[in-house]
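Each remark here refers to the structure printed beneath this line.
The values are calculated or read from the model by the stated rules, or taken from the named source; none is laboratory data. Here the structure is a predicted model, which means the values were calculated and not measured. When we count neighbours, we look across all protein chains shown, and the Cβ atoms used for this are built from the backbone with ideal geometry, even at glycine.
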Amino acid sequence: MYATFFTLVACLSDPDVSALPVLPELPPKRPSAVVERGPERELRELVVAFTGSVRGEVEVCGCPTTPYGGFARRAALLDRVAATGVPLFVVDAGEMLVKGLTARDELDRSVRAQSVLDLAAATRLDAWAAAPTDLLPGGLGLLARHGALAANWRTSGADALAPSRVVERGGVRIGLVGLAADSPDVPSLAAVEAVKSAMAEPADAWFVLSNAGPDVNREVAAQVPGLAAILATEGDRTDDPVVGAGAPIVETPGRGRYVTLVHTWLATDARPLELVERGIWRDVAATRYGREVEALPEEVRAEEVRRDRARLARLTAGRAVAYVERVPLAEDLDGASALDPVLARFRDDLLQAARAGSAPSSAPRYATGAACAACHGDRLASWGFDGHARALEALARRGATGDPECVGCHTTGFGQPGGFAAVDVAAIGAFRDVQCEACHGPMSGHDGRGAVRSRPVTEATCRTCHDEANSPAFDYASYLAKISCSRMAAPEDAAPGAEPRRE
Ligand code: HEC
Ligand code: HEC
Ligand code: HEC
Ligand code: HEC
């Protein structure tokens, strides 16, 4: 709605607009006039940086759209924001640890969970809300030791999760409450009471970090007085901020591809934040965090900030205001990172796990390469035409053939019994690309007569690689129709006068 309003305003100030025969009717004035100012307090500035539904994504996302994200770029962005001197608080709304619903295996999960916790700690994470999916690896104690919060889960003993936490930085105190998705023994409406009682200490602003879902969020936003905002994650979906009665609900995109920055100016008592858009607020945020401004000499920049500070004090008197910005973690944030040693350890651990997985065993080995050619030459020929036969090339284009995070799905038998574990192109050798046995399973010794047979190829086979992160558009029927085996298996293809295939 606001977008429309601004577009229309822009049109009216456009000189060409006089040529229009009829002026469109303006929508009703936006409701900001309704916000009452509170008692005036000294201005406190802060930024809350938040992520959610990171789901174990450690590296820049490989495929195939929006190649953003990764902890190294996240660290670079947060360093940039922290360098402005405005107090920075870093939070996560939950679903942080486990890779997609089709994680390749359990060992991967535990290696990944521990690495994500280490990386999060190294990227200034102050607190995060535990989600049910975070419970899988390592148990509650691991989460408790790493700052996980959950006000609406009943936990006790040494492994108990704290309901909330107050963090003080640069003279600003903020309170953080964790709100977890429904657990069987706590009805969701108890969330409101849980949040209220978690807000026990005084703070300049209280934020709820939530993976509890839209219904609970709306209820808490409306029913808990004095809450600044709800910072929420909805997994793969991200809606625009919801402004209703009470605290606004702000969502962040998943998979760690973006960081949502909530630039906040508090000049009254703790209360719901008034979300502002564009205009002067963007200028103010840009002055402090913008890339152009960063290039200015220090004195010039300090002067800009001083001027803005005066402007801000006028604008914010008696208000609690926030400007929400979603920053994509793109190439401009690349560079050497203090996280490099942690990331190197993570890759090492993945490779170790793959070595353990592919250790010699009684399982059939992968025959690889041309082993199928003698008897299934037709299939081999047709396979050569689809993308599976060039999957390692795709990695090479991204310079990622040495990354065990990527190699698994772009080769055959990585970390599998009877397979291989290497990230050097020469060592990958015959296991390169998505070959016959990536789908049919290891078949060394198969000759069509003996006991070694293909394992059934089902949708689940495809989804070990075509998961929600790396193949968001995957649809079994239409994808199956495109690969050569099933094309060959469909006789009507060759039959003259047959119905044309629908794709
Ligand atoms: C020595 C010849 C020979 C080689 C080499 C061979 N196959 Fe076969 N394969 C056959 C024959 C013959 C059948 C047909 C069996 C039947 O119809 O019952 C067959 C059947 C299959 C099937 C159907 C399901 C099954 O398991 O019976 C698949 C899938 C298959 N082969 C994949 C492969 C792959 C992958 C390779 C390479 C790793 C390979 N084959 C190598 C001869 C061979
Ligand atoms: C879980 C399995 C998986 C992992 C891990 C993975 N990929 Fe992929 N990748 C895929 C699949 C599946 C596709 C095809 C997606 C589609 O077309 O729907 C793909 C496609 C791609 C493409 C596009 C290929 C083309 O020709 O258009 C690139 C590039 C790529 N991946 C790079 C990477 C990089 C870099 C990494 C590591 C950060 C990585 N992948 C990790 C499964 C994976
Ligand atoms: C991307 C996954 C995938 C790859 C890679 C793949 N196949 Fe298949 N293959 C399938 C599917 C799916 C079918 C059809 C469904 C079925 O019969 O299980 C199939 C069917 C077959 C069949 C016929 C089985 C039957 O019962 O009629 C043979 C033989 C076969 N594939 C051999 C190969 C050979 C040889 C290669 C390598 C050149 C290969 N496949 C690569 C997925 C794959
Ligand atoms: C071992 C991992 C793996 C498995 C298993 C797998 N794929 Fe793929 N698939 C990939 C990768 C990686 C790509 C991207 C290859 C590229 O374009 O470079 C891809 C690409 C594709 C494409 C686009 C290919 C093209 O020619 O543009 C289709 C369609 C596809 N896969 C279908 C399937 C289906 C159907 C199955 C299951 C029967 C399957 N895949 C199983 C890894 C896998």
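Points worth noting:
- Considering residues of the stretch 454-478 that are part of a helix (DSSP H, G or I) and within 19 Å of ALA389 (Cβ to Cβ) only, the residue nearest to ligand 1 (Cβ to nearest atom): THR461
- The lone criterion from (1) assigned to a loop (DSSP other than H, G, I, E, B); (2) surrounded by fewer than 21 Cβ atoms within 10 Å (Cβ to Cβ) left unmet by ARG80 is number (1).
- Test: ALA180 is over 22 Å from the mean Cα position of the chain (by Cα) and either surrounded by 24 or more Cβ atoms within 10 Å (Cβ to Cβ) or hydroxyl-bearing (Ser, Thr, Tyr) (or both): no
- Every condition in (1) of a type outside the set (Ser, Thr, Tyr); (2) touching a helix residue (DSSP H, G or I) at 6+ places or on another chain (Cβ under 9 Å); (3) within 16 Å of ligand 4 (Cβ to nearest atom) holds for ASP92 except the one numbered (3).
Here is a yes/no grid of residues against (1) hydrophobic (A, V, I, L, M, F, W, C); (2) modelled with pLDDT under 80; (3) buried (at least 20 other Cβ atoms within 10 Å of the Cβ):
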| position | (1), (2), (3) |
| --- | --- |
| ALA247 | yes, no, yes |
| THR252 | no, no, yes |
| TYR289 | no, yes, yes |
| GLU292 | no, yes, no |
| VAL300 | yes, no, no |
| ALA313 | yes, no, no |
| ALA322 | yes, no, yes |
| GLU331 | no, no, no |
| LEU339 | yes, no, yes |
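- Counted residues, the stretch 337-366 - those being touching a helix residue (DSSP H, G or I) at 6+ places or on another chain (Cβ under 7 Å) and within 16 Å of ligand 3 (Cβ to nearest atom): 1
- Counted residues, the stretch 120-129 - those being under 15 Å from GLU95 (Cα atoms) and either within 16 Å of the chain's Cα centre (by Cα) or basic (Lys, Arg) (or both): 4
- Within the stretch 427-455, the set of residues being within 14 Å of PRO364 (Cα to Cα) and within 11 Å of ligand 4 (Cβ to nearest atom) comprises GLU437, ALA438, HIS440, GLY441.
- Taking the stretch 343-396 as the range and being of a type in the set (Ser, Thr, Tyr) and outside any helix (DSSP H, G or I) as the test, the residues that pass are SER358, SER361, SER362, TYR366, THR368.
- Restricting attention to the stretch 430-453, the residues that are part of a loop (DSSP other than H, G, I, E, B), more than 16 Å from ligand 2 (Cβ to nearest atom) and surrounded by 13 or more Cβ atoms within 10 Å (Cβ to Cβ) total 6.
- Test: CYS409 is more than 14 Å from ligand 2 (Cβ to nearest atom) and surrounded by 17 or more Cβ atoms within 10 Å (Cβ to Cβ): no
- Count - residues of the stretch 411-442 that are away from ligand 3 (no atom under 13 Å from the Cβ) and at positive phi: 3
- Test: residue in the stretch 415-429 that is within 12 Å of ligand 2 (Cβ to nearest atom) and of a type outside the set (Val, Ile, Thr): yes
- Any hit, the stretch 380-394, residues being surrounded by 15 or more Cβ atoms within 10 Å (Cβ to Cβ) and away from ligand 3 (no atom under 14 Å from the Cβ): yes
- Flag for GLY408 being touching a helix residue (DSSP H, G or I) at 6+ places or on another chain (Cβ under 9 Å) and away from ligand 3 (no atom under 12 Å from the Cβ): yes
- Any hit, the stretch 420-428, residues being within 16 Å of ligand 1 (Cβ to nearest atom) and more than 17 Å from CYS61 (Cβ to Cβ): yes
Matching residues to (1) at pLDDT 95 or above; (2) surrounded by fewer than 14 Cβ atoms within 10 Å (Cβ to Cβ):
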{"position": "ALA3", "(1), (2)": "no, yes"}
{"position": "PRO21", "(1), (2)": "no, yes"}
{"position": "THR51", "(1), (2)": "yes, no"}
{"position": "VAL58", "(1), (2)": "no, no"}
{"position": "CYS61", "(1), (2)": "no, no"}
{"position": "PHE71", "(1), (2)": "yes, no"}
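- Among residues of the stretch 466-485 that are surrounded by fewer than 17 Cβ atoms within 10 Å (Cβ to Cβ), those with a Cβ under 6 angstrom from a residue that is assigned to a helix (DSSP H, G or I), sequence gap 6+ or separate chain, pair up as TYR476/GLU459; LEU480/SER486.
- Flag if CYS375 is within 15 Å of ligand 2 (Cβ to nearest atom) and not β-branched (Val, Ile, Thr): no
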